[in-house]
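Encoded as structure tokens, the structure appears first; notes follow it.
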Amino acid sequence: MEQILPVGSVVGVQGKKLLLLGAALKELDGGLVASYYAVPYPRGFVTAQSLGFVSARAIDRVYARGYEDPVGSRYLEGLSLLYQELEGKEMQEAENLLAEAGKQFAEEAARLRSEKAAGRAAGSEGEER
């Protein structure tokens, strides 16, 4: 899977142009597949029925990439890595992987906060002397 495209990208799927509104993992044939919320281009969102999903694999052409800035680029890089890890996995396996990653993230964040607090405490002791 290539990197996730930014919101606002216009892509081609079977001769139709679609405007991408966001990325998501969708369950298809027992596994997760990188997909996008999309609406027809150039009409866009007219009614709820105009909103649909398109698999990233179904995109045959990128007409225009959506807006990107450094923050958005980092977000898309991280999202792409996550999707690469989860794509093809069954929903339960993906949920287990995400739960474990969340637990590891929380532990690492707590460790960093603790180190930062210890550093501030050591710095304030030095100032008192």
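The values are calculated or read from the model by the stated rules, or taken from the named source; none is laboratory data. Because the structure is a prediction, the values reported are computed rather than measured. Cβ placement follows ideal geometry from the backbone for every residue including glycine, while neighbour counts extend to all protein chains displayed.
Odds and ends about this structure:
Listed here are the residues, each with its yes/no results for (1) farther than 22 Å from Gly12 by Cα; (2) at pLDDT 80 or above; (3) surrounded by fewer than 12 Cβ atoms within 10 Å (Cβ to Cβ).
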{"site": "Val62", "(1), (2), (3)": "no, yes, no"}
{"site": "Leu81", "(1), (2), (3)": "yes, yes, no"}
{"site": "Glu93", "(1), (2), (3)": "yes, no, no"}
{"site": "Ala122", "(1), (2), (3)": "yes, no, yes"}
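- Residue selected from the range 23-53 under the condition outside any loop (DSSP other than H, G, I, E, B) and under 15 Å from Gly8 (Cβ atoms), by the criterion modelled with the lowest pLDDT: Ala23
- If you filter the range 1-22 down to residues that are touching a Lys or Arg at 6+ places or on another chain (Cβ under 9 Å) and assigned to a loop (DSSP other than H, G, I, E, B), you find that the one that is modelled with the lowest pLDDT is Met1.
- Residues in the range 54-70 that are more than 26 Å from Glu95 (Cα to Cα) and either outside any loop (DSSP other than H, G, I, E, B) or touching an Asp or Glu at 6+ places or on another chain (Cβ under 7 Å) (or both): 5 in all.
- Entry remark, the range 14-56: residues being surrounded by fewer than 16 Cβ atoms within 10 Å (Cβ to Cβ) and β-branched (Val, Ile, Thr) number 2 in total.
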